[in-house]
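The structure appears below as structure tokens.
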Amino acid sequence: MGNPIPTLKVVLILMIAVNAIWFIDRFLSLVGLDLLGLLPTVVWQFLSAFGSGLLIIFNVLLLGLLPKLQLKP
């Protein structure tokens, strides 16, 4: 495995974007607007699966990075 830092950055940015969509939807639901209700079910399910997949990829990349984070004496 090469340098996972650039890949981690991209995955983290995508995770922030997906979580921002969930946050905006929940925030708008406070004022009575349903953002995700306007989307077809397939799009909503894809977005949910994409967010879960990003979380799994991020955690796997972090596990690959752990051996490089050992403290030097």
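The values are calculated or read from the model by the stated rules, or taken from the named source; none is laboratory data. Small disclaimer: the values here were computed from a predicted structure and weren't measured. For the accessible areas, the whole protein counts, side chains as well, though only heavy atoms, and no ligand, DNA or RNA atoms are used. Shrake-Rupley method; radii C 1.70, N 1.55, O 1.52, S 1.80 Å.
What do you get when you divide the Cα radius of gyration of the stretch 6-47 by 2.2 N^0.38 Å, with N the number of residues?
Compactness ratio reported: 1.37.
What whole-number value in Å² describes the accessible area per residue of the chain for a 1.4 Å probe?
Per-residue accessible area for the chain comes out at 79 Å².
What is the Cα convex hull volume of the chain when expressed per residue in Å³?
For the chain, the hull spanned by Cα atoms encloses 96 Å³ per residue.
Would you mind telling me the share, in percent, of accessible area of the chain contributed by carbon and sulfur at probe 1.4 angstrom?
Carbon with sulfur: 75 percent of the solvent-accessible area.
Using θ = phi - 60° and the Karplus relation 6.51 cos²θ - 1.76 cosθ + 1.60, list the HN-Hα couplings for the stretch 9-16 in order, rounded to whole Hz, with x at every Gly or Pro.
Running phi through 6.51 cos²θ - 1.76 cosθ + 1.60 with θ = phi - 60° gives 4, 5, 5, 5, 5, 5, 5, 5 Hz.
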